[in-house]
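This report concerns only the one structure given below.
Read-outs: derived from the displayed coordinates by stated rules, not from any lab. Remember, predicted model here, so these are calculated numbers, not experimental data. Quick reminder, even Gly has a Cβ in these numbers, built from the backbone with ideal geometry, and neighbours come from all protein chains shown.
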Amino acid sequence: MKGWMGKFRALSLLGLLALVLTGCGRENLTALKPKGYGAQTSYDLIILTTVVMSIVLLVVAIVYITVLVRFRKKKGKENFIPKQVEGNKVLETIWTVIPIVLLIIIAVPTTIATFDLADTKGAKDKLNVEVTGNQYWWHFNYKGQEIQTSQDLYIPTGEKVYLNMKSSDVIHSFWVPSLAGKMDVNPENENTMYIKADEEGVYWGKCAELCGPSHSLMDFKIVAVSPDEFDQWVNDMQGVDPKAVAEGDTAKEGQELFNEKNCMSCHAIGSSPVQVGPNLTDFGNRSKVAGIMDHNKENVVKWIMDPESVKPGNKMTNNYPELSDEEASKIADYLMQLNPSEVTLESAGD
Amino acid sequence: MSIAATQKRGFGAVLWDYLTTVDHKKIAHLYLFGGGLFFLIGGIEAMLIRIQLIKPDNDFLSAGLYNEMITMHGTTMIFLAAMPLIFAIMNAVLPLQIGARDVAFPFLNSLGFWLFMFGGILLNCSWFLGGAPDAGWTGYAPLSTTSPGHGVDFYVMGLQIAGAGTLIGGINFLVTVVNMRAPGMTYMRMPLFTWASFIASVLILFAFPALTVGLFLLMFDRMFGTAFFDVSLGGNTIIWEHLFWIFGHPEVYILILPLFGVFSDVFSTFAKKRLFGYTAMVFATMLIAFLGFMVWAHHMFTVGLGPVANSIFSIATMAIAVPTGIKIFNWLATLWGGNITINSTMLWSLAFIPSFTIGGMTGVMVATVAADYQYHDSYFVVAHFHYVIVGGTIFGIFAALHYWWPKMFGRILNEKLGKLTFWTFFIGFHLTFFIQHFLGLMGMPRRYWVFHSGDHLDTGNLISTIGAFLMAFAVIVFVINAIVSARGEKAPADPWDGRTLEWATASPPAHYNFKQTPLVRGLDPLWVEKAEGKAEMTPAEPLGDIHMPNNSFLPFLFSLGLFVAGFGFIYQTDNKAWLAVLIGGMAFSLAMMVIRSMKDDLGHHITKEELEREAD
Amino acid sequence: MSHDHSLNPETMPHDPEKATLEGKNKFIGFWFFLGGETVLFASLFGTYLALHNSTAGGPSGQDLFGLELVFVMTVLLLTSSLTSVYAIYHMKNNDFKKMALWFVITIILGFGFVGCEIYEFTHYITEYGFSFRSSAFGSAFYALLGFHGGHVTFGLFWAIVLLIRNAKRGLNLYNAPKFYIWSLYWHFIDVVWVFIFTVVYLMGKVG
């Protein structure tokens, strides 16, 4: 008897422990604290289904425990032969019908929400961003805005932003748990979804479909700023002069190296459509280096010198001329200066 | 033949016997050995995965090796561990439960096993030949078509060969059930395990060909330059996803239904009660199987199929909860009012109910499309399918092994070790996987080589890894139990006061199973006789000659040919000289087929006199 | 059960292919197998339908297909199905010689079909440069047709092996099921061809 009770105590304790120790996860990463329309819709359904299913679990648990307590073999009745019951029509009907009713309770709001989240009819008048998934980074092209950027996607709060997603290589999946559920990024067809952030913030995004060795390192950010700030950001980004000369000696030399070493054959600064590698227009303001490392010069140099050690299987390794530490440092100085807008991560409260 | 008698013969003779055997009971031993071996390998892979995830930004495994590990863990556990272990149980028990002397096609039974074994070995050879497959067990194109090296080639060839074996096994059990039942064993008197195995075999028959085609397309894209999944030439990678899941979802039910059957038999035996709602149980199983073919796209909710398709597949998926619920309540009703004995077998079976209910509960949750956008490909899904596959299939396999070990080997597994295995595994299992629901919702996608220290996922992963170690310990204890059982308590014919026909013959049975085919007079035929005060079954025929099939070495050789040809296929992309190996292997296999066709195999007879002599 | 399975007109059961347990097992087992084969071809048809417009700038079905040849192939294969029915009719009457004769005619028709198919493929490759590497359509076309053609070829060799093995001893209850399931296999291949004719050629030509 002790064993059984112990099991249940262990189980419930475990669940509690898990929640207490970890809370609901990291703010702006967890799906358990929704900050956007899609995530909220999903969250409501998560709660509904959990409640309904917990009721079922509770009923099963009560019957189960009763069975174990009442009908275990008892001393003195070892040879008792129970009545051989064939079945019971009424009971069997009950436990067929009730689940059907419960499922309808779940199915109706599910279907409504599914159609709602797939409704992209309003896309025409809104902000549309072409999202391209690449091994192992994300590219964003603001349609009709002449803005190209990578890794950090700026959006205005309070309105739906439509994402037209396609992959340039293998299948990826676009997931920003705090804002919306995920959608696959396929190589053969464009998928459209929308996101809407309720409040300002920097939201963490992850790739959710196995795409190679660095699948777990394909992080990106969504930076939600107020509509006014967003307009300013758009203005600043559109006004970028890719040829603008850098400030400071080392940065200037870095800029020259950047051009000499042909970095521009893969990377672009400004609205050039080149996207073999990430667009670097607002590199200086990125939240992370390569999506995962703290944003500082040291890490930029580390990436330039040995990208393979940071993201195994990336496409940059061995595809650029050899650089000395000093050259890399100068290029890093230049890149850190690419900071065209006043609207930054701090604007989103990060 | 008892184990003692076997031990008297030389090792070579025993080995030759097993290499050529067509006896379903010995093939069950082979499947148990093969499946068990791959289960241990898959378990080691799982442990390496959990060690890698014990702390943030860990570098215990490299990124590439980690992807190989998750791919091989999934592939091994599904195709090379769970399936063959289920086949081991089916082979050991199903013919006995219907009062048959063997399966319908003993030769094909052996062929099915050797194809599985050689396919599994071929797949695992990849570890030593440049790296294992690394595109996930689902092998999504174009990651799988563009994956460098030969890893995915081994995946394709290994699964193709092993899959052929499974298909053959499925057809064999179907025909066995249709044609080989003892007199009086009508369909609606069959034990639930037989029923569930029968229905699972139908699923195998209709699901595996889709995988065959999928693997074929993948193989041609990788090895011969076709363009099925090459987008630049008009290919479409979603076709792979469809084919894979048209196979893959029924596969889930192939993995669970036979164990539903096991639990039904076990509950009925140890509660000393007839199964509650037998007819409903049978039809619920059929309904689950039928619906199982209608729901494959719920693995593809995020692919972009559109809200109409998503909603239809969502509702169809939820509908499966109804027959599954019927089963859970029927099991509880079977136990209700019973006289319940709790031993190792029952511990696994009783633990199954809450564990699987949680798995079913999260199953409905992931079927909820708009919420699944969050669950999909996250650790929530990892938790969900481990709750159903471990909490259902693996618990069921352990229950079945404890239950039928006496029938398979003539010995009873040690209770103390059995309980130790159960409790450590049970606690470890929930410790490992319960927390993963939350990890998923907290933003951890599946197949992640590392998580970062800022992600707040440390504690959950640590707990999960600790649980995994407990499970590993439990499995080691079970292996020890299995080994020492060779000297354990000898089993009588009917150690559990059983109800079904397998308990009406010796433990282990003679190789012809029943000296006289029994006459079945109702559901739970042995129980019917016991209730009338009889000790054994009434025979349906007078004692006479028994016709038995001959052993054959051809299945082994045939599979060996395909195994060799597999290497030819894989390496001809590097060097055309390997085409010779390819053709040689295929020709060898074809020659074995022709020999089989040319040489009559009429079997042999055990005469009445021999049978009478053995009785003395 | 006796060792002697040989037949004569007196002991001839109505369905020799199902007269023994082994025969019954083969009979039902093969029907199950054909169920699996149905899924196999359904998957290939699905793949073909998904990709039949993905020509990647290469030739399409409309450019390639010539219905005359396909019509001849259809006639050959459907006739062979009929002749295999005659063969089984004679098997049931325990007339090995006539059965063998009709089997041979069936095999000849089958080889005619395979010959046409080889000609067709060669024609596509040499005249249009249309191979299974040309486009996703090419891959799907050759996969579906190749699987079917492979089945036909395998069936032909299977039938030859059966005839050679049993040429000297005639029919008995051991080999009757083998001939019978071969005929099932052959009918199945025919049915698949009817679908290929409709889905690939007719729909491909009409568009």
In whole Å, how far is the Cα centre of segment C:103-141 from that of segment B:325-385?
52
Alpha carbon Rg of chain B, scaled by the compact-globule rule 2.2 N^0.38 Å:
0.96
Using a Förster distance of 22 Å, how high is the FRET efficiency between residue B:484 and residue B:9, based on the Cβ-Cβ distance and rounded to 0.05?
0.50
Considering only C-alpha atoms, what is the centroid distance from segment B:552-576 to segment B:194-210, in Å?
27
Please report the antiparallel percentage of DSSP beta bridges with both residues in segment A:124-350, rounded to the nearest 5.
70
Return the whole-Å distance between the Cα centroid of segment B:71-110 and the Cα centroid of segment A:37-81.
32
Going highest first, how would you order C:193-203, B:321-331, B:140-150 by mean Cβ packing within 10 Å?
B:321-331, B:140-150, C:193-203
Around residue A:153, which amide H atoms from residues at least 5 apart in sequence, or from another chain, sit under 5 Å from its own amide H, with H modelled in the peptide plane?
A:221, A:222, A:223
Among the aspartates and glutamates, select those whose C-alpha is under 12 Å from the C-alpha of residue B:26, and discard any that sit fewer than 8 residues away in the same chain.
B:17, B:102
Beyond 21 Å between alpha-carbons counts as too far, so tell me which of A:206/A:315; A:74/B:407; A:166/A:315; A:182/A:315 fall in that bin.
A:74/B:407; A:182/A:315
If I fit a long axis through the Cα atoms of helix B:458-484 and take the longest principal axis of the Cα atoms of chain B, what angle between them do I get, 0 to 90°, rounded to 10?
30
Need one number: % antiparallel among DSSP beta bridges in the protein assembly as shown, to the nearest 5.
75
Using Cα atoms only, what is the angle between the long axis of helix B:344-367 and the major principal axis of chain B, expressed in degrees (0 to 90) to the nearest 10?
40
Segment A:209-220 - phi-based ³J(HN,Hα) in whole Hz, Karplus 6.51/-1.76/1.60, Gly and Pro as x
10, 3, 10, x, x, 9, 3, 7, 10, 9, 5, 8
Quick check on chain A: helices-only [θ] at 222 nm, where DSSP H runs of length 4 and up contribute -39,500 (n - 2.57) each and the sum goes over total residues. Nearest 500, please.
-13000 deg cm²/dmol
Could you list the square roots of 5 times each eigenvalue of the Cα gyration tensor of the protein assembly as shown, that is, the equivalent ellipsoid semi-axes, sorted largest first and rounded to whole Å?
54, 39, 26
Cα-based Rg of segment B:267-374 per 2.2 N^0.38 Å, rounded to two decimals?
1.29
Taking the alpha-carbon distance from residue A:77 and a cut-off under 19 Å, which aspartates and glutamates remain once sequence neighbours fewer than 8 residues away in the same chain are dropped?
B:497
Once phi for every residue in segment C:65-80 is put through the Karplus expression 6.51 cos²θ - 1.76 cosθ + 1.60 (θ = phi - 60°), the whole-Hz ³J(HN,Hα) values, with Gly and Pro written as x, are 5, x, 5, 4, 4, 4, 5, 4, 4, 4, 4, 4, 6, 5, 4, 5
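I'd like the per residue volume of the convex hull spanned by the Cα atoms of segment A:31-117, given in cubic angstrom.
It is 115 Å³ per residue.
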Please grab the % of Cα pairs in chain A that end up more than 34 Å from each other.
41
Can you give the average number of partner chain beta-carbon atoms within 10 Å of each beta-carbon in peptide B:236-247, as a whole number?
4
What is the helix-to-structure angle for A:249-260, meaning the angle in degrees between its Cα long axis and the longest Cα principal axis of chain A, kept from 0 to 90 and rounded to the nearest 10?
80
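My understanding is that a pair violates if its Cα-Cα distance is over 19 Å; which of A:73/B:534; A:83/B:272; B:515/C:24; C:26/C:97; B:599/C:168 do that in this structure?
With Cα atoms farther than 19 Å apart: A:73/B:534; B:515/C:24; C:26/C:97.
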Virtual spin-label span in nm between residue A:294 and residue A:319, 7 Å along Cα→Cβ:
3.0
So what's chain C giving for Rg/Rh, alpha carbon basis, Kirkwood Rh from the mean inverse pair distance?
1.06
What is the set of long-range amide H partners of residue B:230 at a cut-off below 5 Å, with H atoms built 1.01 Å from backbone N?
B:235, B:236
Whole-Hz ³J(HN,Hα) for each residue in segment A:79-90, computed from phi via Karplus 6.51 cos²θ - 1.76 cosθ + 1.60 with θ = phi - 60°, x for glycine and proline: what do you get?
9, 5, 9, x, 5, 8, 7, 7, x, 8, 4, 4
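What do you get when you divide the Cα radius of gyration of segment C:150-207 by 2.2 N^0.38 Å, with N the number of residues? Present the calculation step by step, with values, prior to reporting the outcome.
Numbers: Rg = 15.9 Å, N = 58, 2.2 N^0.38 = 10.3 Å.
Cα-based Rg divided by the globular estimate yields 1.54.
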Hey, which lysines would be in cross-link range of residue A:121, C-alpha to C-alpha under 17 Å, not counting anything within fewer than 8 residues on its own chain?
A:143, A:160, A:196
